[in-house]
1. Let me test this: with uniform point scatterers at the alpha carbons of region 243-311, what is the Debye-based log₁₀ I(q)/I(0) at q = 0.19, 0.28 1/Å?
2. How big is the C-alpha Rg of the chain next to the rule-of-thumb value 2.2 N^0.38 Å, as a ratio?
3. Report the gain in length on full extension from Ala163 to Lys310: 0.36 nm times residue separation, minus Cα-Cα distance, nm rounded to one decimal.
4. Residues of the chain: accessible area per residue at 1.4 Å, in Å²?
5. Check Gly16: other-chain or 5+ apart residues with amide H under 5 Å from its amide H, H built from backbone geometry?
6. For the pairs Lys10/Lys310; Lys115/Lys160; Lys223/Lys245; Lys160/Lys181; Lys160/Lys346; Lys181/Lys354, flag any whose C-alpha to C-alpha distance is greater than 25 Å.
7. Could you pull out every residue, at least 5 positions away or on a different chain, whose amide H is within less than 5 Å of the one on Ser182? Hs are placed 1.01 Å off N in the peptide plane, and Pro or chain starts have none.
8. If pairing requires two Cys Cβ atoms under 4.7 Å apart, which cysteines of the chain are left without a partner?
Amino acid sequence: MTSPPQVKLKPGDTIGILGGGQLGRMLAMAAARLGLRCRVFSPDPDSPAFDVVLNATCAEYADVEALELFASDVDVITYEFENVPAASAMILASRRPVLPDRNILETTQDRLAEKDFVRRLGIGTADYADVSSVEALRAAIAKIGLPAVIKTRRFGYDGKGQAIIREGDDPDRIWEELGTKSAILEAFIPFEREISVIAARSADGQVECFDVTENEHRDHILKTSHVPAAISDALAAQACSIAGKIADALHYVGVLAVELFVVSGAGEPKILVNEIAPRVHNSGHWTLDGASISQFEQHIRAIAGWPLGKPIRHGHVTMTNLIGDEISSYEKWLTVPGATVHLYGKGPPRPGRKMGHITQIAVDPPKIA
Ligand code: AMP
């Protein structure tokens, strides 16, 4: 990886954000608090991030002219989603600094490249194999065993593009249903819990991690995060050190999330990396109310070339996503003492769509019965 471009913004400068979802919206709100402007680029006219910025570009990511005009109006460019097309990132990077560096996307857009990269750093992952045909899938099953998880190498999120393969399943059918020529097979990990580390790295190599978060998924979508995770201090330190090692190796500038499995066995539990997200992450939303600095502000500080904050957590924090129709409960949440309500201003609540989230802080640690 090459060294990142040096950026030093001043209040009043403009950050370009690729992607107009809730992450872009919350990044722009954090930037505004620091006196920085944002311009959002998104092909979707209903982008929730458009509502909080004065200037927006509504165009396709392949629209070269729109990308060039966008770049000329901003001082640095960042993104809120990892599937930024490589060609768009290249056009933008030839005109303005893009942070995190666009080359990082090549690693994190491809599950195989990402796992190879993590393993090269000496960090544990589930066993995996490259699968590009049904014959390769049979060979991978023979090597890795069942149950296993097949995942498309690209464009998977919230459990999309993946399936569990169990004893007795038909590999031909699974391969056909996956509908890709490029996948990986992973050993199924009977994890004790899922955790994530939200880490920020500055251009000069300072790394700051938020306290380790414990995550519960429902239908493959994050439902609840609890902080701190119910793991030992030693394991939490190990998780943060893994995130720091990954961020250093990528010469990363900005916030990244590392999702990990905690696996128990004989002796101390082990941790394995599941996935890296080169962006602010849903499991870091608790930081908006639960810490002195949010993940969004850390990201803005990092890409602006400003000092990172040292985040201090305010208590035991729970973040609950409002998914699909759950958005209709917002009025109830507004009356819950101590709850903070975040609504993303999205259109219709389709099933699985993240519509908002709630943060709750308990000042005293929960009592053990
Ligand atoms: P991913 O898209 O890779 O983040 O996977 C989504 C969710 O599927 C994870 O958060 C886990 O709950 C589950 N999952 C993914 N990979 C595995 C695995 N190898 N073993 C067990 N569960 C998995």
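The values are calculated or read from the model by the stated rules, or taken from the named source; none is laboratory data. Predicted model, so just to flag it, every value in this text is computed and none were measured. Neighbour counts are summed over all protein chains in view; Cβ atoms, including those assigned to glycine, are modelled from backbone coordinates with ideal geometry. Protein only, heavy atoms only, side chains kept; ligands, DNA and RNA dropped before computing areas. Shrake-Rupley method; radii C 1.70, N 1.55, O 1.52, S 1.80 Å.
1. -0.83, -1.26
2. On the way: Rg = 20.5 Å, N = 369, 2.2 N^0.38 = 20.8 Å.
That works out to 0.98 for the chain.
3. Contour length minus Cα-Cα distance gives 49.0 nm.
4. Ligands and nucleic acids excluded, the result is 44 Å² per residue.
5. Correct list: Arg39, Asp75, Val76, Ile77, Thr78.
6. Table pairs above 25 Å Cα-Cα are Lys223/Lys245; Lys181/Lys354.
7. Close amide H contacts, sequence-distant or interchain: Arg153.
8. Cys38, Cys58
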